[in-house]
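The values are calculated or read from the model by the stated rules, or taken from the named source; none is laboratory data. Bear in mind the structure is a predicted one, so any value in this text is a computation, not a measurement. For neighbour counting, all protein chains shown are included, and Cβ atoms are generated from backbone atoms with ideal geometry for every residue, glycine included.
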Amino acid sequence: MAICPQGHESSDEEYCDTCGARMTGAPAAGVPAAPSGGPSAAPGGEDGPCPDCGAPRTGRFCENCGYDFVLGGSGAGPSQAVRPAPQPTGSSPQPAPWQPAQPSQSWRPAEPGWQPPAPSSSYRTAQPPAPAPAPAGGWVAVINADRAHYESMIAQGGPDAARVAFPPYCPERRVPLRGPETRIGRRRQSRPMVPEIDLSEPPEDPGVSHLHAVLLAQPDGSWQIVDPGSANGTLVNGKIIEVNVPVPLEDGDRVHVGAWTLLTVRKG
(Lines give C-alpha, C1' and ligand atoms only; values in the text may rest on other atoms or scores of the structure.)
Protein backbone atom coordinates (compact mmCIF):
# COMPACT_ATOMS: atom_id res chain seq x y z
CA MET A 1 0.00 0.00 0.00
CA ALA A 2 1.22 3.50 -0.88
CA ILE A 3 1.17 6.32 1.69
CA CYS A 4 -0.24 9.72 0.62
CA PRO A 5 1.28 13.06 1.81
CA GLN A 6 -1.39 13.17 4.56
CA GLY A 7 -0.46 9.71 5.88
CA HIS A 8 -3.38 7.71 4.44
CA GLU A 9 -2.88 4.24 2.98
CA SER A 10 -3.95 4.07 -0.68
CA SER A 11 -4.07 1.31 -3.25
CA ASP A 12 -4.05 3.95 -6.01
CA GLU A 13 -0.51 5.18 -6.63
CA GLU A 14 -1.65 8.39 -8.34
CA TYR A 15 -4.39 9.78 -6.02
CA CYS A 16 -5.20 8.93 -2.41
CA ASP A 17 -8.27 6.69 -1.94
CA THR A 18 -9.22 8.57 1.26
CA CYS A 19 -8.63 12.32 0.70
CA GLY A 20 -7.93 12.59 -3.03
CA ALA A 21 -4.47 14.10 -2.57
CA ARG A 22 -1.95 13.45 -5.37
CA MET A 23 0.66 10.89 -4.41
CA THR A 24 4.36 11.65 -4.56
CA GLY A 25 5.76 12.23 -8.02
CA ALA A 26 5.47 14.76 -10.80
CA PRO A 27 2.32 16.93 -10.64
CA ALA A 28 -0.38 16.52 -13.27
CA ALA A 29 -0.45 18.92 -16.21
CA GLY A 30 -2.00 22.26 -15.27
CA VAL A 31 -1.88 21.50 -11.52
CA PRO A 32 0.82 23.26 -9.47
CA ALA A 33 2.92 21.18 -7.13
CA ALA A 34 2.12 21.24 -3.42
CA PRO A 35 4.30 23.45 -1.16
CA SER A 36 7.63 21.93 -0.17
CA GLY A 37 6.46 21.67 3.43
CA GLY A 38 3.77 19.16 2.39
CA PRO A 39 0.06 19.45 3.07
CA SER A 40 0.65 20.21 6.72
CA ALA A 41 2.33 23.48 5.67
CA ALA A 42 -0.90 24.77 4.11
CA PRO A 43 -2.77 27.39 6.15
CA GLY A 44 -4.73 25.83 8.96
CA GLY A 45 -2.26 22.96 9.49
CA GLU A 46 -2.93 19.29 8.84
CA ASP A 47 -5.67 19.08 11.45
CA GLY A 48 -6.61 22.75 11.81
CA PRO A 49 -9.81 24.41 10.63
CA CYS A 50 -10.30 25.93 7.19
CA PRO A 51 -8.45 29.30 7.04
CA ASP A 52 -11.17 30.76 4.80
CA CYS A 53 -14.35 29.91 6.73
CA GLY A 54 -13.20 28.17 9.95
CA ALA A 55 -15.03 24.89 9.25
CA PRO A 56 -13.43 21.69 10.64
CA ARG A 57 -11.20 19.87 8.19
CA THR A 58 -12.50 16.50 6.97
CA GLY A 59 -10.35 15.87 3.89
CA ARG A 60 -8.43 17.66 1.19
CA PHE A 61 -11.28 20.06 0.34
CA CYS A 62 -13.31 22.11 2.83
CA GLU A 63 -16.89 20.87 2.76
CA ASN A 64 -18.19 24.41 3.40
CA CYS A 65 -16.26 26.68 1.00
CA GLY A 66 -14.14 24.31 -1.12
CA TYR A 67 -10.75 25.44 0.21
CA ASP A 68 -7.92 23.18 -1.06
CA PHE A 69 -5.78 22.21 1.96
CA VAL A 70 -3.12 20.65 -0.29
CA LEU A 71 -2.59 23.50 -2.76
CA GLY A 72 -3.60 26.27 -0.37
CA GLY A 73 -6.12 27.69 -2.83
CA SER A 74 -9.62 28.94 -2.16
CA GLY A 75 -12.30 27.27 -4.25
CA ALA A 76 -15.93 28.06 -5.01
CA GLY A 77 -17.31 25.11 -3.06
CA PRO A 78 -17.06 21.33 -3.10
CA SER A 79 -19.39 21.09 -6.09
CA GLN A 80 -17.10 23.26 -8.26
CA ALA A 81 -13.70 22.07 -7.09
CA VAL A 82 -11.81 19.75 -9.46
CA ARG A 83 -10.88 16.76 -7.37
CA PRO A 84 -9.95 13.24 -8.43
CA ALA A 85 -12.49 10.57 -7.69
CA PRO A 86 -11.25 7.89 -5.25
CA GLN A 87 -10.76 4.53 -6.90
CA PRO A 88 -12.72 1.60 -5.40
CA THR A 89 -10.75 -0.99 -3.47
CA GLY A 90 -12.33 -4.41 -3.71
CA SER A 91 -16.09 -4.75 -3.69
CA SER A 92 -18.04 -1.66 -2.56
CA PRO A 93 -21.21 -2.02 -0.44
CA GLN A 94 -24.44 -1.79 -2.40
CA PRO A 95 -26.79 1.08 -1.47
CA ALA A 96 -29.93 0.21 0.40
CA PRO A 97 -33.02 -0.10 -1.82
CA TRP A 98 -35.01 3.14 -2.08
CA GLN A 99 -38.20 3.32 -0.07
CA PRO A 100 -40.82 6.04 -0.70
CA ALA A 101 -41.43 8.46 2.15
CA GLN A 102 -44.67 8.04 4.03
CA PRO A 103 -46.83 10.97 5.18
CA SER A 104 -46.76 11.81 8.86
CA GLN A 105 -49.40 10.36 11.15
CA SER A 106 -49.58 13.69 12.99
CA TRP A 107 -49.35 17.18 11.59
CA ARG A 108 -46.14 19.17 12.08
CA PRO A 109 -44.54 22.26 10.58
CA ALA A 110 -42.64 21.25 7.44
CA GLU A 111 -39.59 23.29 8.52
CA PRO A 112 -37.91 22.43 11.89
CA GLY A 113 -37.74 25.34 14.28
CA TRP A 114 -40.64 27.19 12.62
CA GLN A 115 -42.03 30.06 14.66
CA PRO A 116 -45.38 31.78 14.03
CA PRO A 117 -44.92 35.29 12.56
CA ALA A 118 -45.28 38.22 14.93
CA PRO A 119 -48.45 40.28 14.42
CA SER A 120 -48.08 43.54 12.55
CA SER A 121 -47.68 46.62 14.73
CA SER A 122 -49.56 48.87 12.31
CA TYR A 123 -52.70 48.49 10.25
CA ARG A 124 -52.12 48.51 6.52
CA THR A 125 -54.83 49.53 4.08
CA ALA A 126 -53.01 48.55 0.89
CA GLN A 127 -55.13 46.42 -1.40
CA PRO A 128 -53.82 42.98 -2.49
CA PRO A 129 -52.67 42.74 -6.10
CA ALA A 130 -55.29 41.80 -8.65
CA PRO A 131 -55.27 38.06 -9.46
CA ALA A 132 -53.66 37.12 -12.76
CA PRO A 133 -56.21 36.07 -15.38
CA ALA A 134 -56.04 32.55 -16.74
CA PRO A 135 -54.82 32.26 -20.34
CA ALA A 136 -57.56 31.58 -22.88
CA GLY A 137 -58.24 27.85 -22.97
CA GLY A 138 -55.61 27.21 -20.26
CA TRP A 139 -55.70 25.98 -16.67
CA VAL A 140 -55.50 27.98 -13.45
CA ALA A 141 -54.98 27.09 -9.77
CA VAL A 142 -57.34 28.96 -7.42
CA ILE A 143 -55.77 29.22 -3.94
CA ASN A 144 -57.81 29.63 -0.73
CA ALA A 145 -57.62 28.83 2.99
CA ASP A 146 -59.89 25.91 3.99
CA ARG A 147 -60.95 25.94 7.65
CA ALA A 148 -62.38 22.40 7.51
CA HIS A 149 -59.03 21.04 6.30
CA TYR A 150 -57.22 23.06 9.00
CA GLU A 151 -59.41 21.62 11.78
CA SER A 152 -58.87 18.10 10.42
CA MET A 153 -55.09 18.52 10.40
CA ILE A 154 -54.93 20.08 13.88
CA ALA A 155 -57.13 17.25 15.23
CA GLN A 156 -54.37 14.80 14.29
CA GLY A 157 -52.24 16.35 17.04
CA GLY A 158 -48.50 16.83 16.98
CA PRO A 159 -46.06 18.75 19.19
CA ASP A 160 -46.50 22.05 17.32
CA ALA A 161 -50.17 21.92 16.34
CA ALA A 162 -51.24 24.27 19.16
CA ARG A 163 -48.95 27.04 17.83
CA VAL A 164 -50.57 27.16 14.38
CA ALA A 165 -53.61 29.41 14.05
CA PHE A 166 -55.97 29.62 11.09
CA PRO A 167 -55.34 32.89 9.22
CA PRO A 168 -58.04 35.50 9.86
CA TYR A 169 -57.60 36.86 6.32
CA CYS A 170 -56.39 34.98 3.28
CA PRO A 171 -57.26 36.61 -0.06
CA GLU A 172 -57.99 34.33 -2.98
CA ARG A 173 -55.16 33.98 -5.50
CA ARG A 174 -55.17 32.66 -9.05
CA VAL A 175 -52.01 31.26 -10.61
CA PRO A 176 -52.10 30.31 -14.33
CA LEU A 177 -50.54 26.93 -15.10
CA ARG A 178 -47.91 27.43 -17.79
CA GLY A 179 -44.90 25.57 -19.13
CA PRO A 180 -44.04 21.91 -18.56
CA GLU A 181 -44.42 22.05 -14.77
CA THR A 182 -45.71 24.20 -11.91
CA ARG A 183 -44.08 23.68 -8.51
CA ILE A 184 -46.02 24.05 -5.24
CA GLY A 185 -44.06 24.92 -2.09
CA ARG A 186 -42.36 27.66 -0.09
CA ARG A 187 -39.29 29.58 -1.19
CA ARG A 188 -36.14 29.11 0.89
CA GLN A 189 -34.05 32.20 1.66
CA SER A 190 -30.76 30.27 1.42
CA ARG A 191 -31.50 28.84 -2.05
CA PRO A 192 -32.54 30.52 -5.30
CA MET A 193 -35.43 28.13 -6.04
CA VAL A 194 -38.82 29.92 -5.98
CA PRO A 195 -41.87 27.74 -6.69
CA GLU A 196 -44.43 29.01 -9.17
CA ILE A 197 -47.13 28.58 -6.49
CA ASP A 198 -45.31 30.12 -3.52
CA LEU A 199 -47.17 29.48 -0.26
CA SER A 200 -44.65 31.41 1.84
CA GLU A 201 -46.45 34.64 0.90
CA PRO A 202 -48.57 36.00 3.77
CA PRO A 203 -50.27 34.24 5.31
CA GLU A 204 -47.51 31.61 5.18
CA ASP A 205 -48.67 28.01 5.57
CA PRO A 206 -46.04 26.34 7.83
CA GLY A 207 -47.24 22.83 6.96
CA VAL A 208 -46.11 23.16 3.33
CA SER A 209 -42.70 21.73 2.42
CA HIS A 210 -40.24 23.81 0.39
CA LEU A 211 -40.97 21.52 -2.58
CA HIS A 212 -44.32 20.02 -1.65
CA ALA A 213 -45.85 18.93 -4.97
CA VAL A 214 -45.44 19.44 -8.72
CA LEU A 215 -48.10 19.90 -11.41
CA LEU A 216 -47.00 18.25 -14.67
CA ALA A 217 -48.35 19.30 -18.10
CA GLN A 218 -49.42 16.45 -20.41
CA PRO A 219 -49.25 16.35 -24.23
CA ASP A 220 -53.06 16.38 -24.50
CA GLY A 221 -53.31 19.64 -22.53
CA SER A 222 -54.34 18.06 -19.22
CA TRP A 223 -52.36 18.13 -15.95
CA GLN A 224 -51.14 15.62 -13.39
CA ILE A 225 -49.91 16.15 -9.82
CA VAL A 226 -47.09 14.30 -8.04
CA ASP A 227 -45.90 14.50 -4.41
CA PRO A 228 -42.08 13.99 -4.32
CA GLY A 229 -42.12 13.23 -0.57
CA SER A 230 -43.58 16.15 1.37
CA ALA A 231 -43.64 16.20 5.19
CA ASN A 232 -47.43 16.21 5.57
CA GLY A 233 -48.62 14.65 2.33
CA THR A 234 -50.93 15.82 -0.48
CA LEU A 235 -54.65 15.13 -0.78
CA VAL A 236 -56.65 15.11 -4.03
CA ASN A 237 -60.42 15.28 -3.47
CA GLY A 238 -59.89 14.24 0.15
CA LYS A 239 -57.66 11.21 -0.51
CA ILE A 240 -53.93 11.10 0.22
CA ILE A 241 -51.87 10.34 -2.89
CA GLU A 242 -48.85 8.03 -2.98
CA VAL A 243 -45.35 9.50 -3.12
CA ASN A 244 -43.88 9.81 -6.63
CA VAL A 245 -47.05 8.45 -8.28
CA PRO A 246 -48.59 10.98 -10.75
CA VAL A 247 -52.34 11.49 -10.37
CA PRO A 248 -54.42 12.92 -13.28
CA LEU A 249 -56.43 16.05 -12.51
CA GLU A 250 -59.86 17.01 -13.79
CA ASP A 251 -61.53 20.39 -14.00
CA GLY A 252 -62.67 21.32 -10.45
CA ASP A 253 -60.45 18.86 -8.55
CA ARG A 254 -59.51 20.00 -5.04
CA VAL A 255 -55.90 19.67 -3.84
CA HIS A 256 -55.09 20.15 -0.14
CA VAL A 257 -51.54 20.80 1.12
CA GLY A 258 -50.08 22.06 4.40
CA ALA A 259 -52.18 23.18 7.36
CA TRP A 260 -54.99 24.97 5.52
CA THR A 261 -54.19 25.53 1.82
CA LEU A 262 -56.74 24.49 -0.82
CA LEU A 263 -55.90 24.63 -4.53
CA THR A 264 -58.79 24.13 -6.96
CA VAL A 265 -57.69 23.47 -10.55
CA ARG A 266 -59.91 25.06 -13.20
CA LYS A 267 -59.86 24.67 -16.96
CA GLY A 268 -60.40 27.96 -18.77
Completion exercise
The residue that is farthest from LEU263 (Cα to Cα), considering only those in region 158-207 that are within 15 Å of the chain's Cα centre (by Cα) and surrounded by fewer than 12 Cβ atoms within 10 Å (Cβ to Cβ), is SER190
Practice task
Could you tell me whether region 239-259 includes any residue that is at pLDDT below 95 and touching a Lys or Arg at 6+ places or on another chain (Cβ under 8 Å)?
Solution key: no
Problem - Given (1) crowded, with 16+ Cβ neighbours inside 10 Å; (2) part of a loop (DSSP other than H, G, I, E, B); (3) touching a Lys or Arg at 6+ places or on another chain (Cβ under 7 Å), index of the condition LEU262 fails - result: (2)
Exercise for the section: Could you tell me whether ARG186 is in contact with a Ser or Thr (Cβ under 8 Å, 6 or more places away or on another chain) and not aliphatic (A, V, I, L, M)? Expected result: yes
Practice task
Would you be able to say whether some residue in region 255-268 is touching a residue at least 12 places away in the same chain (Cβ under 8 Å), small (Gly, Ala, Ser) and within 20 Å of HIS149 (Cα to Cα)?
Solution key: yes
